[in-house]
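The values are calculated or read from the model by the stated rules, or taken from the named source; none is laboratory data. All of these numbers come straight from a predicted model, not from anything done at the bench. Cβ sites come from the backbone with ideal geometry, for glycine too, and all protein chains shown count toward neighbours. Each accessible area value is taken on the protein alone, full model and side chains, heavy atoms only, with ligands, DNA and RNA left out. Shrake-Rupley method; radii C 1.70, N 1.55, O 1.52, S 1.80 Å.
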Number of protein chains: 4
Amino acid sequence: MKIGSQAHTTSAISAANATTIVVRGRDLAADLMGSVSFTDYFWLLLTGEKPGPAQRRMLDATLVAIAEHGLVPSVQASRMTLAAAPEALQGAVAAGILGCGSVVLGSAEAAGRFYAEIAQRTGAGASQEEAATAVVREYRAAKRAIPGYGHPMHKGADPRALRLFEIAAEAGSSGAYIAIARLVEKLLPTLVGKPLSLNVSGAIPAVLLDVGFPLGALKGIPILARTAGLIAHLLEEQQRPIGFVMSHAAAAAIGYDGKAPDGFEPSHE
Amino acid sequence: MKIGSQAHTTSAISAANATTIVVRGRDLAADLMGSVSFTDYFWLLLTGEKPGPAQRRMLDATLVAIAEHGLVPSVQASRMTLAAAPEALQGAVAAGILGCGSVVLGSAEAAGRFYAEIAQRTGAGASQEEAATAVVREYRAAKRAIPGYGHPMHKGADPRALRLFEIAAEAGSSGAYIAIARLVEKLLPTLVGKPLSLNVSGAIPAVLLDVGFPLGALKGIPILARTAGLIAHLLEEQQRPIGFVMSHAAAAAIGYDGKAPDGFEPSHE
Amino acid sequence: MKIGSQAHTTSAISAANATTIVVRGRDLAADLMGSVSFTDYFWLLLTGEKPGPAQRRMLDATLVAIAEHGLVPSVQASRMTLAAAPEALQGAVAAGILGCGSVVLGSAEAAGRFYAEIAQRTGAGASQEEAATAVVREYRAAKRAIPGYGHPMHKGADPRALRLFEIAAEAGSSGAYIAIARLVEKLLPTLVGKPLSLNVSGAIPAVLLDVGFPLGALKGIPILARTAGLIAHLLEEQQRPIGFVMSHAAAAAIGYDGKAPDGFEPSHE
Amino acid sequence: MKIGSQAHTTSAISAANATTIVVRGRDLAADLMGSVSFTDYFWLLLTGEKPGPAQRRMLDATLVAIAEHGLVPSVQASRMTLAAAPEALQGAVAAGILGCGSVVLGSAEAAGRFYAEIAQRTGAGASQEEAATAVVREYRAAKRAIPGYGHPMHKGADPRALRLFEIAAEAGSSGAYIAIARLVEKLLPTLVGKPLSLNVSGAIPAVLLDVGFPLGALKGIPILARTAGLIAHLLEEQQRPIGFVMSHAAAAAIGYDGKAPDGFEPSHE
């Protein structure tokens, strides 16, 4: 994308005048508020259409799956930020969201692109297994991690991934992407030399792409979901602050190995 | 709050081990995923309890009300940030959330605190009208804006505020806070010299405090809701970029009135 | 400030055309690059004028004083964010800057406003001591902390505050604001019941306001300075990552005291 | 990088006790404050050593070169954020920094990695021209932009790039990286089919890598520099607000092309 060469000058999401706010073609106050859930509205905002039952069910399930997992780094960053800057809750939320990156929570999008690449190659003379094998090998050759597999705590299996696949089966929406996600899990011991279980960030794109969720919005799932979790943590931080306690413990875990003037003794107070 | 003097060393939101993730006392995979909506889960995260029907309805209605209102400053900031830094969608969302401040979207919280002050003083020898009059006068004396009233576009009435009160009536949850919000609207022409209609940021805390939503999480409503809207805008920005087009128009609207070397002619290209 | 009612349509900082970039009236490439230091340029950007010797000396001294103090909360938030999102160094810097708030680093601005209030009242029939006593009492009555005094680690005296006052004396720029800062330190044992030493966030505004630094940019001192420190920490985080180690230690310091299903044992792995 | 597998538990940047703060082995108050400039201190923070004359001169020149260029997208995002959230200057700065991404300002780092790749291949049987040609061709084959060349406004030549090379010549520090940057500029018409002048984001890594600046901190140059520019803009925004004026102009430039209820007319008020 080159600066200055953009040809678009319109947006199709929302417009308003003094009495009416239109979102995706509908009157917000008259036709949406009180009629649709926040989950339905999120789908409508993204796609222009209300979700069907399986789409709603999988969107709710993925948002619930990824919203909260205790005092992870982004929650810590957020609570420490509120402790330091209580005047700006929005800043503490932003600090937490900034940790939805390629290593931790943003890997849902990377896994989606990985599956999409395998899906695209399947059929054109290649079986799903041949396509998956080729893509995994290319990732390995480029020293890229296979996104969506393995978890530092849930080593045997990620209970959220298993449950998401169950819900998709109940909803009747298991399709090509879930099949690819499972196939890769089966192939990994041979291709990378050790078993790695599908994690929640691998299951989310599989179940959502199977119901038509847009690939380019996949990173929005952990971001929106974690925002809900962060707000709960920031309410608790106001009531029972632990931001500075966590910070002291974190600092105490790290030693200083740089130079120092003679006789200097560092303190962690 | 003084750094280092925090007495708390626990959190009550979530814990996990290799096979189970517990959130607010419930097994996430077994008891929440597939059973509760994202809206219900947000309420549970905040309060530790699942919402009742009126609570769910008002939480959905407020989130839908405030999620999207076109190309407002925070959406522009977010889309411009994605245009400049497409590698980090989380950064573009964060840039948008940082605009949920005291002037624009964060005023929902300020209005909640304003109503809570009036509610607290009502009863102890003061009628609701006396309490409201006193609090409005104190805000005016301190040159503080009355939060929750007036809107640059929806001057006659904010259709979202009207609709939120209708939904509360349908849900049977209209209570003291809605009464206070309406009373203040009635008193404002006398107290501040001009009529100002209740806006959406005034209606949100009124309907939510009436169903027991925690005061300290009110700012989380516009933040969570706008995150959904921002993600939709960022998906559109990927597909039909307008970030730099908006930036050029914004720059062209502002002249340069500083000094310059002789003969220098500024350009807006 | 009401949305839509802004009367300004110009900026006086910078303009450009195809061959020339003008900043504060000067040709950037021809007259500034290679001629002025970054410190001088920061002063010029803020004020439109190049600094004199005392102004340069105090600006350098304050930026050096506050740029770095080890693994404080904002540095931890920043390094954890880079560990989670290594693709966006700008996001990790932003997460750190968001912690320059009213409690931790932003108090330099609050202290500046506190001194300015005392300065303004001095003279109009009130001695400096009477003005200082009145303002401190008003802060106490409003339950506001006195900004710029006391430090959790440097309890006896903050070595940076002492040194800033020495440098101001060397530069011949000690004036009314340093006098006020010292006077308040002397009065505090009587007014608040315990001695509290001036800290670096109290000394910074005193020495800078005495050389004409703009009050509204005081918060920019810790923000710009810490950005330099954060970049150094983020370079080290790339080379010797500790973000997740700190996060594990922080999480391990906090217990879970919410409900849980029977037999559940939390893990900190 | 896998979560949980980090082996490092030390930092070498800073340590402190009640009376002394040590940074990079030196006593901050006694040996650095009042003695070193902010530019020198930034170099020391990054590398552990004070800069030599050419290092200081090039670091100052690059920071001055990139700090400010008018109402660019990140400045607009920052000023709009302050208008919406005046309580949190740190949030407005963060919103601006988040726009230092791969497309706009962060390209200094991408250009540095591009030159480093060419430098690494030069010598091992390949001339500089052969290495440059090969790397450019690989970028083109992978559909990656060549970072550091071309500018939407400064089409003929970027005056900052030319001046940085002049200053390097004056400082006697022109080396292999400047040679590579120039060589690529010469080769581009042949390799990509059109002439593209070196821009400031291409010149910054060339002059800094030639004086030993660390590759992994290159993105810190635009980030630190722009922070200074942003603070100046945010001071002006407090005094002469234009955030909402820019936002109105930006919104007015974009039409709505989605569906709407019959008879609806959008407004841009």
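Consider residue A:99 against the criteria (1) more than 14 Å from chain C (Cβ to nearest Cβ); (2) within 22 Å of residue B:238 (Cα to Cα); (3) at pLDDT 95 or above: it satisfies all of them except one. Which criterion is unmet? Unmet for residue A:99, out of (1) more than 14 Å from chain C (Cβ to nearest Cβ); (2) within 22 Å of residue B:238 (Cα to Cα); (3) at pLDDT 95 or above: (1).
Please indicate, with yes or no, whether at least one residue in segment C:105-113 is within 13 Å of chain A (Cβ to nearest Cβ), free of Cβ contacts under 8 Å to residues at least 24 places away in the same chain and in contact with a helix residue (DSSP H, G or I) (Cβ under 9 Å, 6 or more places away or on another chain). Looking through segment C:105-113, none of the residues is within 13 Å of chain A (Cβ to nearest Cβ), free of Cβ contacts under 8 Å to residues at least 24 places away in the same chain and in contact with a helix residue (DSSP H, G or I) (Cβ under 9 Å, 6 or more places away or on another chain).
Condition check: aliphatic (A, V, I, L, M) and more than 15 Å from residue C:231 (Cβ to Cβ). Does residue C:85 satisfy that? Criteria met by residue C:85.
Within segment C:190-237, which residues are part of a loop (DSSP other than H, G, I, E, B) and among the aliphatic types (A, V, I, L, M)? Those that are part of a loop (DSSP other than H, G, I, E, B) and among the aliphatic types (A, V, I, L, M): C:196, C:211, C:218. Is segment A:256-268 home to any residue that is touching a Gly at 6+ places or on another chain (Cβ under 6 Å), assigned to a helix (DSSP H, G or I) and surrounded by fewer than 17 Cβ atoms within 10 Å (Cβ to Cβ)? No, segment A:256-268 contains no residue that is touching a Gly at 6+ places or on another chain (Cβ under 6 Å), assigned to a helix (DSSP H, G or I) and surrounded by fewer than 17 Cβ atoms within 10 Å (Cβ to Cβ). Of all residues in segment D:253-269, exactly one satisfies the criterion of being touching a helix residue (DSSP H, G or I) at 6+ places or on another chain (Cβ under 8 Å) and either modelled with pLDDT under 95 or more than 11 Å from chain A (Cβ to nearest Cβ) (or both), namely D:268. Candidates in segment D:4-35 are the residues that are open to solvent by 10 Å² or more (accessible area, probe 1.4 Å) and under 20 Å from residue C:42 (Cβ atoms); of these, the one that is nearest to the other protein chains (Cβ to nearest Cβ) is D:34.
Checked against the criterion of being small (Gly, Ala, Ser) and either more than 20 Å from the chain's Cα centre (by Cα) or within 8 Å of chain A (Cβ to nearest Cβ) (or both), the candidates C:67, C:61, C:85 yield just one match: C:85.
Looking across segment D:33-65, just one residue is among the charged types (D, E, K, R) and touching a Leu at 6+ places or on another chain (Cβ under 6 Å), and that is D:50. Taking every residue in segment B:202-227 that is among the acidic types (Asp, Glu) and pairing it with any residue that is part of a loop (DSSP other than H, G, I, E, B), at least 6 positions away or on another chain, the pairs with Cβ-Cβ distances below 9 Å are B:210/B:173; B:210/B:174; B:210/B:175. Is it fair to say residue A:5 is modelled with pLDDT under 95 and of a type in the set (Ser, Thr, Tyr)? When the stated conditions are applied, residue A:5 passes them.
The set of residues in segment B:211-252 that are within 14 Å of chain C (Cβ to nearest Cβ) and open to solvent by 10 Å² or more (accessible area, probe 1.4 Å) comprises B:248, B:249, B:251, B:252. Please go through segment D:73-89 and give me each residue that is surrounded by fewer than 24 Cβ atoms within 10 Å (Cβ to Cβ) and in contact with a helix residue (DSSP H, G or I) (Cβ under 8 Å, 6 or more places away or on another chain), ordered by number. D:86, the sole residue that qualifies.
With the structure loaded, tell me whether residue B:77 is away from chain D (no Cβ under 14 Å) and closer than 26 Å to residue B:246 by Cβ or whether it fails that test. Here the answer is no, as residue B:77 does not meet what is asked. Taken over segment B:90-148, the residue count meeting the criterion of being closer than 20 Å to residue B:62 by Cβ, in contact with a Leu (Cβ under 8 Å, 6 or more places away or on another chain), among the hydroxyl-bearing types (Ser, Thr, Tyr) and open to solvent by 20 Å² or more (accessible area, probe 1.4 Å) is 0.
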